[in-house]
Amino acid sequence: MNTVRDEKTVMEIAKRIKEIRIKKGLTQSEVAKKAGLDGNSYAKIERGLTKPLGVTLVKICKALGVKSSEILSV
C-alpha cells in the first residue's frame, strides 16, 4: 500500500465533504445527526483524521443529499 497516496485520497474526500456541507449551508452537527454519527467522529472525518468506512460514507452522502460519485471521484 502507498500510505502517502492513501493519506492524499482521504484528505481529498474530506475536503469534498466539507465543501459540499458548506455549500449546502449545513453545520457539522447537522450532517452528523442526519447521518446518525457522533459529532466528534464526523468532525474527524471532515478533517481527514479518520478513514471512514464505506457504510459511513454512504450515510454522509445521504445526509448531504449527494451521490457518492460527487465525493469519491478523486
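The values are calculated or read from the model by the stated rules, or taken from the named source; none is laboratory data. The structure displayed is predicted, hence computed values, not measured ones. Cβ sites come from the backbone with ideal geometry, for glycine too, and all protein chains shown count toward neighbours.
If you take the residues of region 48-63 that are of a type in the set (Lys, Arg) and either touching a helix residue (DSSP H, G or I) at 6+ places or on another chain (Cβ under 6 Å) or in contact (Cβ under 8 Å) with a residue 40 or more places away in the chain (or both), which of them is surrounded by the fewest Cβ atoms within 10 Å (Cβ to Cβ)?
Checked region 48-63; the qualifying residue surrounded by the fewest Cβ atoms within 10 Å (Cβ to Cβ) is Lys51.
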| task | Please specify each residue of region 50-71 satisfying the condition of being at pLDDT below 95 and within 22 Å of Thr3 (Cβ to Cβ). | result | Thr50, Lys51, Pro52, Leu53, Gly54, Ile71
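Please enumerate the residues belonging to region 22-35 that are touching a helix residue (DSSP H, G or I) at 6+ places or on another chain (Cβ under 6 Å) and not charged (D, E, K, R).
So in region 22-35, the residues touching a helix residue (DSSP H, G or I) at 6+ places or on another chain (Cβ under 6 Å) come out as 28-29, 31-32, 34-35.
Once the filter is applied, which keeps residues that are touching a helix residue (DSSP H, G or I) at 6+ places or on another chain (Cβ under 6 Å) and not charged (D, E, K, R), region 22-35 yields Gln28, Ser29, Val31, Ala32, Ala35.
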| request: List every residue pair whose Cβ atoms sit under 9 Å apart, with the two residues 6 or more apart in sequence or on different chains, where the first one lies in region 24-42 and is without any contact (Cβ under 8 Å) to a residue 60 or more places away in the chain and the second, anywhere, is acidic (Asp, Glu). | output: Gln28/Glu46; Val31/Glu46; Ala32/Asp38
